[in-house]
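The values are calculated or read from the model by the stated rules, or taken from the named source; none is laboratory data. The structure displayed is predicted, hence computed values, not measured ones. Glycine gets a Cβ as well: all are built from the backbone with ideal geometry, and neighbour counts include every protein chain shown. Each accessible area value is taken on the protein alone, full model and side chains, heavy atoms only, with ligands, DNA and RNA left out. Shrake-Rupley method; radii C 1.70, N 1.55, O 1.52, S 1.80 Å.
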Amino acid sequence: MNCPLGVNAFRSSVQITAQQFSRPTASSASCIRLPTFLSRRLISAWSLSARKSQQHQSLRNTIATSPILPRSLQWPCSSSSQRIGLRTIFSGHSVTTHYVDLPPNYTDEVGLPFRRSDLNTQEVLSIFGTGTSTHAANKLLWILHGRRVAGTLEDPELEINTLGFSARERKIALEFLRKHVPVDEVTNAGLRAEDELAAMEEGGADGAQEPAVHDPGYKSRLKIYKSDADAAAAATGSGQPKDVGVYGMGAFDTIRARNKIKYEEELKRREEQKRIKEEEYAKAHPGGLQTVDGKPQRELSPRMQKWVANATSDLEAPPEMTAWERLLPSTIVVALFVGFLVTFATFYRPPSRADRLFPDIPPAAATVGTLIAMNLLVLLAWRIPPCWGFLNRYFLVVPATPRPLGIIGAMFSQQQFLSHFLTNMATLWFFGVRLHDEVGRADFLATYFAAGSIGFLGTMATLVLRRRLDLSTLGASGAIYGVMGAYFWMNRFEGFKIFGLPPDPSTGVQGLAFLGLLVGLNLAALASSKHHQMDLSSHFVGLSVGLVAGHLLEKKKEAKKQRRLLEAHVGRAAVPGDTANMGGVDKLILERK
């Protein structure tokens with residue numbers, strides 16, 4: 001029984017090869033007629049391997065002699081040695097890069113996977129920057145990789161599936177794919193053109209009058225023949241070529257022209273809608289770390305639009321500045337601020353109870369409570385739109401447009417109540433009052449503000465040197481880490497119990513263990529995929545400043561204790577007639593007094 005493959009519908013260069021598989025054999029009991037799309041794919045694979053390499057030849061031979069080839073894919077009308085190598089099905093790679101491997105169910109709207117796993121959020125940020133969601137970026141990469149493999153990268157009718165992406169996003173995605181996923185786009189496009197030509201010739205042989213109109217997807221309409229107008233324009237070098245085939249303007253050309261007009265109108269409409277939504281979203285999210293997958297807000301009122309415009313910079317891009325030009329002013333301000341804190345801690349004398357603003361409240365509770373109240377006021381101010389412009393300038397650290405005073409103001413700035421404000425302030429209260437009781441108000445405030453300001457300076461330097469000018473930061477976490485670092489260092493050998501645990505006779509966990517826990521938690525956060533959403537630089541720098549401050553405060557506390565003991569000893573020895581038991585140093589101090 002004969003197995004016709006429709007050889008006449010294919011290229012003459014492979015008709016002889018294909019005829020070998022259509023001859024009758026004595027052992028054939030039945031015959032399988034391949035579907036049209038599969039037969040074209042097999043012939044394209046055969047032609048490509050003949051042109052390309054011995055590598056494809058060896059792969060085809062390996063598959064053809066494989067004993068595990070499914071029976072449904074064997075040729076019952078030929079001997080066991082006559083099998084076609086189906087690279088389309090038995091590919092050894094999970095990422096498709098050749099046109100002959102294109103899955104039969106491929107559609108342009110879905111695309112093809114460009115690697116074993118999609119990009120994560122951090123990778124999307126590093127490639128596309130902010131404003132592109134992780135899902136959208138991976139979808140665009142799937143579609144463009146599929147077009148590169150299917151040979152439809154230049155097909156204008158498929159652009160409707162990427163209307164939601166900007167030209168910049170499409171350019172970045174294509175550059176990324178061409179760099180990391182090598183694909184022979186020219187060869188794939190040529191194979192598709194040959195398959196389409198074969199399909200058109202086969203349709204003409206069957207008496208088809210008009211090709212059916214289809215939605216953009218698996219098939220494309222490459223321009224196979226050069227039109228008369230194109231040939232004339234190429235010969236004369238003048239005039240604009242018209243999209244008319246060599247056989248004149250037919251029904252197919254009319255449908256295509258009509259669809260092209262509809263496509264261009266739809267493209268303009270969607271681009272305009274996307275532009276309007278992006279502007280509204282940018283105005284509704286001033287300052288702070290932007291969420292990657294945020295949803296556009298509803299339309300703003302005219303008054304709200306005015307406040308948003310006042311809080312939004314009119315710069316299209318960060319000003320061109322060197323790293324030192326961005327960091328030097330803030331470094332000078334922080335150095336002067338720390339110098340003021342040291343002077344304040346040296347000469348400050350606590351007032352008497354009668355002169356205090358809150359005489360009935362313990363000094364530690366009054367100091368820490370005032371800091372919490374100031375943070376609460378700034379948190380409420382972020383909810384008032386007229387305040388946005390002022391807060392963005394002086395209560396936010398922005399490396400793109402640095403303002404030195406923003407480093408100090410950002411220590412009082414919180415934006416989320418539960419995840420940011422409540423967590424930070426609860427930690428500040430728990431450790432702040434304890435450190436305050438040990439070192440006093442002046443040293444506590446000096447430690448708090450020095451750790452916070454130097455921590456933000458470290459964050460700003462990190463972002464500037466990494467060229468991440470699209471990020472900004474705020475919060476009191478750096479200052480709070482400084483307070484915890486100083487407290488645990490001063491009590492590094494003391495035992496701490498949490499809810500009575502560990503039980504007696506254990507003295508508890510030493511302060512050094514808690515310091516290690518703080519470092520470990522931040523290192524674990526640094527290794528997570530969401531570390532860009534936390535200001536880990538200010539955490540590490542603030543903790544380091546707290547350790548240094550704790551060491552200095554410990555020395556200061558010890559010196560003060562020795563001074564008091566000496567003064568008490570000298571005071572007891574100052575009784576008349578009681579100088580016999582005094583040492584030489586005590587006598588010298590007494591004589592000076």
Practice prompt. Identify, by number, the condition in (1) open to solvent by less than 40 Å² (accessible area, probe 1.4 Å); (2) touching a Phe, Trp or Tyr at 6+ places or on another chain (Cβ under 9 Å); (3) closer than 20 Å to residue 452 by Cα that residue 519 doesn't meet.
Written response: (1)
Worksheet item: Tell me, which helices (runs of 4 or more DSSP H) wholly within region 477-593 include 3 or more residues that are at pLDDT 90 or above?
Response: 477-490, 511-527, 536-573
Worksheet item: Residues 342, 368, 397, 334: which one is in contact with a strand residue (DSSP E or B) (Cβ under 7 Å, 6 or more places away or on another chain), modelled with pLDDT of 90 or more and under 26 Å from residue 425 (Cα atoms)?
Response: 397
Fill in: Any chance residue 465 is at pLDDT below 95 and either open to solvent by 20 Å² or more (accessible area, probe 1.4 Å) or within 36 Å of the chain's Cα centre (by Cα) (or both)
yes
Worksheet item: Do we find a residue being buried (at least 19 other Cβ atoms within 10 Å of the Cβ), more than 20 Å from residue 540 (Cα to Cα), hydrophobic (A, V, I, L, M, F, W, C) and touching a residue at least 60 places away in the same chain (Cβ under 8 Å) anywhere in region 396-412?
Response: no
Worksheet, complete the sentence: Note on residue 320: of the conditions (1) surrounded by 11 or more Cβ atoms within 10 Å (Cβ to Cβ); (2) in a loop (DSSP other than H, G, I, E, B); (3) of a type in the set (Asp, Glu), unmet is (1)
Worksheet item: Of all residues in region 471-506, which are over 30 Å from residue 399 (Cβ atoms) and touching a residue at least 40 places away in the same chain (Cβ under 8 Å)?
Response: 487, 488, 489, 490
Item to complete: Collect the residues in region 144-189 that are of a type in the set (A, V, I, L, M, F, W, C), closer than 19 Å to residue 273 by Cα, touching a residue at least 40 places away in the same chain (Cβ under 8 Å) and assigned to a helix (DSSP H, G or I), keeping them in residue-number order.
Response: 160
